[in-house]
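Asks: This structure is in structure tokens; I'll ask about it shortly.
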Amino acid sequence: MVEVEYLTDKNGQARAVVLPIELWRHLLPRDDASVEELSEEMEDYCLSKAMDEAKKSPLLNREEALSYLEE
């Protein structure tokens, strides 16, 4: 598992994120990528991770899903 670190100020507010280089290179294989490309690649990466997690969760039938949404 790749760990992302959060840098905080003296008040504990998050100020920056440190990405391991292997994750950075996975997201942006080119050194000259733009901020827009980084944003798109991060979104794709996060959506992919969310979908991987969703595959591990049990499927609910209609009644169970509606009950969950009501909570």
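Asks: Using a 1.4 Å probe and ignoring any ligands, DNA or RNA, find the accessible area of residue 36 and quote it in Å² to the nearest 10.
Replies: 120
Asks: Hey, what do the phi angles of the range 12-17 turn into as Karplus ³J(HN,Hα) couplings, whole Hz, using 6.51/-1.76/1.60 and θ = phi - 60°, x for Gly and Pro?
Replies: x, 7, 5, 10, 7, 10
Asks: Quick check: the angle from helix 35-56's long axis to the longest principal axis of the chain, C-alpha only, nearest 10 degrees?
Replies: Computed tilt is about 30 degrees.
Asks: Can you match Cα extents along the principal axes in Å to one of these, (1) 44, 22, 17; (2) 62, 16, 15; (3) 49, 35, 24, based on a calculation from the structure here?
Replies: Correct label, based on the coordinates given: (3).
Asks: Related question: Compute the label zone of residue 45 within the range 10-37: residues whose backbone N is under 12 Å from the point 7 Å along Cα-to-Cβ.
Replies: From the range 10-37, the list is 17-30.
Asks: Can I ask one more? Are there trypsin sites (Lys or Arg not before Pro) in the range 1-56 that DSSP marks as loop and that have at most 10 other Cβ atoms within 10 Å, and which are they?
Replies: Of the trypsin sites (Lys or Arg not before Pro), the ones in loops of the range 1-56 whose Cβ has at most 10 other Cβ atoms within 10 Å are 10, 30.
Asks: Right, next: With only Lys, Arg, Asp and Glu charged, each at its Cβ (+1 for the first two, -1 for the last two), find how big the charge dipole of the chain is about the Cα centre; round to the nearest 20 debye.
Replies: The dipole of the chain has a size of about 220 debye.
Asks: Continuing with the same structure: Mean residue ellipticity at 222 nm from the helices of the chain, using -39,500 (n - 2.57) per DSSP H segment of n ≥ 4 over the full residue count, to the nearest 500 deg cm²/dmol?
Replies: -17000 deg cm²/dmol
The values are calculated or read from the model by the stated rules, or taken from the named source; none is laboratory data. Quantities reported herein were computed from a predicted structural model and do not represent experimental measurements. Every residue, glycine as well, gets a Cβ built from its backbone with ideal geometry; the counts of neighbours run over all protein chains shown. Note: accessible area is taken over every heavy atom of the protein model, side chains too, but ligands, DNA and RNA are not part of it. Shrake-Rupley method; radii C 1.70, N 1.55, O 1.52, S 1.80 Å.
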